[in-house]
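Read the structure below first, then the notes.
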Amino acid sequence: MDHDAAVSNAKGIADRILAPAARQNDKEARFSSEAIAALGQSGLLGIMLPSAVGGSALGPRTLAAVIATLAEADASAAMVYLMHVSATVTIAAARPCATVAQTLKDISTGKHLTTLAFSEAGSRSHFWAPVSRAKRNAANVHLTAKKSWVTSAGYAQSYVVSALAPEGKGPTDTTLYLVASGTPGLSVAGPWDGLGMRANASAPMILEDCEVAPGLQLTDDGVGFKAMLEVVLPLFSLGTSAVALGLCRAAVAGTAAHLNGARFEHLGQTLGESLPTLRAQLASMQIDTDGLAARIDDLVDHLERPRETTMLRVLECKAAAGDVAIAVTSAAMRVCGGAAFSKHLAIERLFRDAHAGAVMAPTGDVLRDFIGKAILGIPLF
Ligand SMILES: Cc1cc2nc3c(=O)[nH]c(=O)nc-3n(C[C@H](O)[C@H](O)[C@H](O)COP(=O)(O)OP(=O)(O)OC[C@H]3O[C@@H](n4cnc5c(N)ncnc54)[C@H](O)[C@@H]3O)c2cc1C
């Protein structure tokens, strides 16, 4: 599969499976297993995995385009996909071992969904500092943790879990482990009933003395934090920005359709023909959306050709994208007025979904704090 085929597959899934069901899945907070099956059949679950394990070995440019395409139809499904890809690259970067190799093959053949379980009730959005600590027991470790939000909770076949290393000294001396869904002690701890992203099952999970064999330790002890920053964060920033872009494009398209369709019958004009203020607001939405697309292209370029400014761009892109998505979907709510407010249009779902980006870690506030520190030469951690 090349770039064009990947984007075309994503568009097919968006049109056939995501768009028709998005409204109902949002209403019922229903996880779309059909979407995952289609992504698996199309080969998109192994998009960034190396060809040696059956993956498509595609890069950040394709990932961003695929995620934006999915998000335009259903941001919940796009977020499930992003969490999966973020976890797959973490697994692929792990120390080689038979179980991990089999997991990567299962992902590439579309049989395995995975996700990230980093955030903890104790350290909240500070995912880099888990309060849970792995306990060594002979060759294995045991994990006990309260994971506060895990996208695809109960639907993934595996979870990339963080914990403090057994002998870790500092708050970021973490290790990453792969925990299979059937592991005794692993359970979903409650329902997911979010304001937005309602169809992505981001429920809390509990690990109660879960035994993990040495082959499922993904990083060396204390090196999980480095993997979070160097492997996960760049793709997660890119992916959340692409979700934001998809939401903005859907908001522009939905608003344009409303302005072209709704009429002032007493004037004999559509809303768009009648009101310059609405046209100007639509124009601002388009300008912001294209600005975000350009920012994402710039981040892709920095990821393809890493340089000194790459990490700054990683931090900036997610921070900016969260704000743009909220601004553009808020404008759409105002422009589409009562029709949007009364849930006659999909706009209000986009508006709710758009608010997740800024609170997903690293949150927009934390990113600004990091960026400010980076500019001033103050250590981030
Ligand atoms: C839809 C959704 C899906 C998610 N999926 C996952 C997942 O799959 N895996 C996972 O690990 N986590 C996931 N999360 C969790 C997410 O990454 C955050 O950890 C969580 O949203 C943090 O919420 P909180 O209220 O506990 O944050 P808090 O830490 O309590 O933050 C509260 C406020 O304080 C601000 N704040 C915190 N620290 C600072 C600081 N240093 N400087 C300035 N401001 C600060 C924050 O920006 C926020 O506004 C998900 C969250 C959501 C909403």
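The values are calculated or read from the model by the stated rules, or taken from the named source; none is laboratory data. A quick note: this is a predicted structure, and the numbers were derived from the prediction, not measured. All Cβ positions, even for glycine, are placed from backbone atoms using ideal geometry, and neighbour counts span all protein chains on display.
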Seminar exercise, completed: Quick count over segment 207-230, residues being under 9 Å from residue 175 (Cβ atoms) and in a loop (DSSP other than H, G, I, E, B), is 6
Problem set entry | Tally of residues being over 17 Å from residue 67 (Cα atoms) and either part of a loop (DSSP other than H, G, I, E, B) or aliphatic (A, V, I, L, M) (or both) across segment 6-30 | 3
Exercise. Do you know which residues across segment 359-368 are more than 17 Å from residue 228 (Cβ to Cβ) and near the ligand (Cβ under 6 Å from one of its atoms)?
Worked result: 359, 365
Exercise. Only one of (1) more than 14 Å from the ligand (Cβ to nearest atom); (2) of a type in the set (A, V, I, L, M, F, W, C); (3) in contact with a helix residue (DSSP H, G or I) (Cβ under 6 Å, 6 or more places away or on another chain); (4) more than 16 Å from residue 37 (Cα to Cα) fails for residue 160. Which number is that?
Worked result: (1)
Exercise. Condition test on residue 183, is it more than 12 Å from the ligand (Cβ to nearest atom) and assigned to a loop (DSSP other than H, G, I, E, B)?
Worked result: yes
Seminar exercise, completed: Filter segment 44-86 for residues that are of a type in the set (S, T, N, Q) and buried (at least 24 other Cβ atoms within 10 Å of the Cβ); the one that is farthest from residue 27 (Cα to Cα) is 86
Exercise. Among 71, 121, 145, which is assigned by TED's automatic domain parsing to the domain that holds residue 39 and within 16 Å of the ligand (Cβ to nearest atom)?
Worked result: 71
For this session: Please indicate, with yes or no, whether at least one residue in segment 296-317 is touching a helix residue (DSSP H, G or I) at 6+ places or on another chain (Cβ under 7 Å), without any contact (Cβ under 8 Å) to a residue 40 or more places away in the chain and of a type in the set (A, V, I, L, M).
Result: no
For this session: Only residues in segment 238-249 that are within 21 Å of residue 48 (Cα to Cα) count as the first member; pair them with residues that are outside any helix (DSSP H, G or I), Cβ under 8 angstrom, at least 6 apart or cross-chain, and list the lot.
Result: 240/360
For this session: Considering only segment 153-180, state which residues are out of contact with any Phe, Trp or Tyr (no Cβ under 7 Å at 6 or more places or on another chain), under 25 Å from residue 30 (Cβ atoms) and either of a type in the set (Ser, Thr, Tyr) or part of a strand (DSSP E or B) (or both).
Result: 158, 159, 160, 180
Exercise. Where in segment 260-375 are there helices (runs of 4 or more DSSP H), lying wholly inside it, with at least 3 residues that are more than 24 Å from the chain's Cα centre (by Cα) and either farther than 19 Å from residue 195 by Cα or among the basic types (Lys, Arg) (or both)?
Worked result: 271-274, 276-304, 310-341
